[in-house]
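Q: One structure, pasted below without further comment.
The values are calculated or read from the model by the stated rules, or taken from the named source; none is laboratory data. Every value quoted in this text rests on a predicted model; they were computed, and no experiment measured them. Positions of Cβ are generated from backbone atoms using ideal geometry, with glycine treated the same way; all protein chains shown enter the neighbour counts.
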Amino acid sequence: LPLCFPQKLWKMLESDQFRSIWWSEGGKCVAINKDLFEVEVLGRGVCQRVFNTRHIKSVIRQLNLYGFTKVQREFQRSASLPEFLAEEAAASAHSQILYYYNPSFNREHPWLLGTCKRR
């Protein structure tokens, strides 16, 4: 049987083959480097494809269909201009990283993976 979306995602996260996707927040969130993911995962040839799409929007749609919610990162801003500009540069690089959370998708509780159902 082919793997469902959450199972494919889990295998990717547990594999050392991908640098564009990893566990975040101690295994409670999925972190995706959007630009790298598009090249490394979605840019693969047909025979090597993990997902049946070449578009990040389709992957995000799947995450939403399986109950994942996007987690926003908050940055505290400094008062000094040089520090503020450095933080802005870091935040803009950081904005390419997407974070998604699902209470049934937790590295510490793999048995919950079976409860990740499509809405």
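Q: Restricting attention to region 15-31, which residues are touching a residue at least 60 places away in the same chain (Cβ under 8 Å) and either assigned to a helix (DSSP H, G or I) or touching a helix residue (DSSP H, G or I) at 6+ places or on another chain (Cβ under 7 Å) (or both)?
A: Within region 15-31, 23, 30 meet the criteria.
Q: Would you mind stating whether residue 67 is among the small types (Gly, Ala, Ser), part of a loop (DSSP other than H, G, I, E, B) and modelled with pLDDT under 95? Write out each step before concluding.
A: Numbers: among the small types (Gly, Ala, Ser): yes; part of a loop (DSSP other than H, G, I, E, B): yes; modelled with pLDDT under 95: no.
In short, no.
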